[in-house]
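Participant: Can you keep this structure in mind? I'll have questions shortly.
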Amino acid sequence: MTTTYTGLDVLLEPAEDLRHTRYGSRLLRGLPKVVVGASIVLLVVIVACAIFAPLLARYNPNTPDLLHPYAGPSAAHLFGQDSAGRDILSRILYGARLSLLGPTIVILIAFGVGVPLGFAAAYTGGWTDIGISRVFDLIFAFPALLLAIVIVATFGTSFYSAVFAVTVTYIPLMGRVVRSACLVERQKPYVEACRLQGYGSWRILVLHVAPNIGRILVSQTTLYFAYALLDLAALSFLGLGAQPPQIDWGTMLENANQGVFQSATGVIFPALAIVLLVVPLNFVADWILEYSRGREERR
Amino acid sequence: MLRYLGIRLATTIGVLLVSTVVVFVLLHVGPGNPATLLNGGHPPNAATLRYFDARYGLNHSLPAQYVIWLGHLLHGDFGESIAAHSPVTSVLAPRIGVTLLLTGYAVLLMTIFGVAIGVLSGVVRNGPFDLAATLGSLTFTAIPTYVTGVVLAVLFGVDLAWFPAEGGGDTGSLLTRLDHLTLPAVALALSSLALVSRITRSAVIGELESDHVFGAKVRGFSRRRVVLKHTLRGSMIPVVTIIGAQIGYLLSGAIVIEYAFGLNGLGTLLVESVQGKDYAVVQAIALLVTFEFLFISLIVDLLYGLIDPRVRLAGSRT
């Protein structure tokens, strides 16, 4: 929201800084391969859970069992049951679908709109740049979550209006990353060399600049996917996102939070699901960035 | 400096004005009608609708409504809450304290502990403390406030019962209220605290390697004096930046945390008002939060000048 959140992309900097310094301890100079490997495996498993939820889940996630509300974990219900006696494990599995679909849509649109805007701002400069940057600044003038809530207020509470609201706050984030990365690249001699050879700016952009900022972009997009997931879960948690009978981890957390005095398991598992998705995404984003630096040094 | 201040102030007010237009337009073009919502989801009859529109000024054109709203705002009148049938100011007044107290508490926790942990781990670089702090902050930056909040409520509020898990203790003394706000404030502050400590750590490390600190060491000053007198000030620019950015984040994070802990603050009110299409209240809260957000970034910009004279000079030259 995180954030909002405009401070969030600073996260990338300290990570870089930690690895850059010769004095950083070995553990921090690069993530151990095991951690990265485990993260990727975990992410694949979660995606597989979302896709194969109907095969994996033993119960219908919306079938109540009113005789056993807040039942603890048992052999029949590994993660226990929620306020209406629904099977928490099945709900986590099905909930993974919307929890992943939401940020996927956000990132696809934010990427598709933000990246061309960022390119255009950096490359054409002048009034185009000023115009685009001012619109971005205006969106950054709001705390991201607040803007998202106001947009949800406009279009009514539903999963898709929450997705749209979060998308609006991510377009300028993507655009700004691309714009500043492009501005840095433009100063480099190879771009000058291309110009001297008389290449058009689009050719330089697509064939020469884009591959060089590609990895920063992929790393940042991975990170934003994690944040978009958190923002959407926050909106769902506030009752402004997915509506029953839709299930995502945010709504599960909200539902369990209301019965927190009865049972903690309902809170722990969706919270764990969110963390187990977001932390590995952070590690992978870090690793992509590091890999790109490794390549640059070898060159 | 004065000229710089004037320009910054003018831009801030400009951005704030434009932001109110954005929120105003957004809230009024959306589908759904507050009269219908108040009527239990059924469209009211024409006479009621006319009365309703006249009472809340909804029968004017959109620009006219905005100008009227702005005119009232300049007289300290935020309009009338449709759901509460009373002025927005009287709806906001009892709740604003909770939000300010919660955010202030979280800002204090973040600043004090974030900077302290960051400086310590920067100074004892690579020691066990540094390692623990770095691993902790890596984890906590990735965990959202509402997850921390819910988990803290379970651990310390329900299982251990050290702190109240819900409610704001609104009627009690300041101490009771702080007691009630401790868990929410910790939950709100943790991920920002982690980030602040990381930035502080790398800023301190960078400064410790600078020539003037080396000079201070060579002159035989005690380690304490080198750190406190020669290192801290120079390393504060990135720290102030991140703290400013994070305060903005805490302001919106407070919305979620209030909701999670059942606190009667602006955030909970905002969520209720969004669901009830209570335009005036949403608009007022959006204005207040955006104002705080912009105001804080203004203060951060001015702080740069205080910390680093070079910024001050550059500012007065433009």
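The values are calculated or read from the model by the stated rules, or taken from the named source; none is laboratory data. Please read these numbers as outputs of a predicted model, since none were measured by experiment. All Cβ positions, even for glycine, are placed from backbone atoms using ideal geometry, and neighbour counts span all protein chains on display.
Participant: Can you tell me which of (1) modelled with pLDDT of 80 or more; (2) under 23 Å from the mean Cα position of the chain (by Cα); (3) within 13 Å of chain A (Cβ to nearest Cβ) is the one B:Ala185 doesn't meet?
Facilitator: That leaves (3) as the condition not met.
Participant: Condition first: more than 9 Å from every other protein chain (Cβ to nearest Cβ) and more than 17 Å from B:Val151 (Cα to Cα). Now tell me which residues in segment A:236-267 satisfy that.
Facilitator: Residues satisfying the conditions are A:Ser236, A:Gly241, A:Ala242, A:Gln243, A:Pro244, A:Pro245, A:Gln246, A:Ile247, A:Asp248.
Participant: Looking at A:Arg134, A:Arg186, which is the one that is within 14 Å of another protein chain (Cβ to nearest Cβ) and farther than 26 Å from A:Leu229 by Cβ?
Facilitator: A:Arg134
Participant: Moving on to the next point. Could you tell me which residue of segment B:248-279 is farthest from the other protein chains (Cβ to nearest Cβ), considering only residues that are more than 19 Å from A:Gly250 (Cβ to Cβ) and surrounded by fewer than 24 Cβ atoms within 10 Å (Cβ to Cβ)?
Facilitator: B:Asn264
Participant: Go through (1) of a type in the set (Ser, Thr, Tyr); (2) in contact with a Phe, Trp or Tyr (Cβ under 8 Å, 6 or more places away or on another chain); (3) more than 14 Å from every other protein chain (Cβ to nearest Cβ) for A:Thr169 and report which single condition fails.
Facilitator: Going through (1) of a type in the set (Ser, Thr, Tyr); (2) in contact with a Phe, Trp or Tyr (Cβ under 8 Å, 6 or more places away or on another chain); (3) more than 14 Å from every other protein chain (Cβ to nearest Cβ) one by one, A:Thr169 breaks only (3).
Participant: Turning to a different aspect of this structure: Please verify whether segment A:241-252 includes one or more residues that are small (Gly, Ala, Ser), modelled with pLDDT under 90 and assigned to a helix (DSSP H, G or I).
Facilitator: no
Participant: Mind checking which helices (runs of 4 or more DSSP H) fall wholly inside segment A:100-187 and carry at least 2 residues that are among the acidic types (Asp, Glu) and over 14 Å from the mean Cα position of the chain (by Cα)?
Facilitator: The qualifying helices (runs of 4 or more DSSP H) are A:126-140.
Participant: Find all pairs meeting these conditions: Cβ atoms under 7 angstrom apart; at least six residues apart or on different chains; first residue within segment B:15-28 and more than 9 Å from every other protein chain (Cβ to nearest Cβ) and touching a residue at least 24 places away in the same chain (Cβ under 8 Å); second residue polar (S, T, N, Q) and part of a helix (DSSP H, G or I).
Facilitator: Cβ pairs passing all conditions: B:Phe24/B:Gln283.
Participant: Give the residues of segment B:95-133 that are within 14 Å of another protein chain (Cβ to nearest Cβ), without any contact (Cβ under 8 Å) to a residue 24 or more places away in the chain and part of a helix (DSSP H, G or I), sorted by residue number.
Facilitator: B:Pro128, B:Phe129, B:Leu131, B:Ala132 - these are the residues of segment B:95-133 that are within 14 Å of another protein chain (Cβ to nearest Cβ), without any contact (Cβ under 8 Å) to a residue 24 or more places away in the chain and part of a helix (DSSP H, G or I).
Participant: Which one of these does A:Tyr227 not meet: (1) outside any helix (DSSP H, G or I); (2) farther than 29 Å from A:Ala71 by Cβ; (3) at the interface with chain B (Cβ under 10 Å from one of its Cβ atoms)?
Facilitator: Going through (1) outside any helix (DSSP H, G or I); (2) farther than 29 Å from A:Ala71 by Cβ; (3) at the interface with chain B (Cβ under 10 Å from one of its Cβ atoms) one by one, A:Tyr227 breaks only (1).
Participant: Could you look through segment A:52-105, keep only residues that are among the hydroxyl-bearing types (Ser, Thr, Tyr) and at pLDDT 90 or above, and pick out the one that is surrounded by the fewest Cβ atoms within 10 Å (Cβ to Cβ)?
Facilitator: Only one residue fits best here, namely A:Thr104.
Participant: Related question: So is B:Ile237 of a type outside the set (Ser, Thr, Tyr) and under 24 Å from B:Ala189 (Cα atoms) or not?
Facilitator: yes
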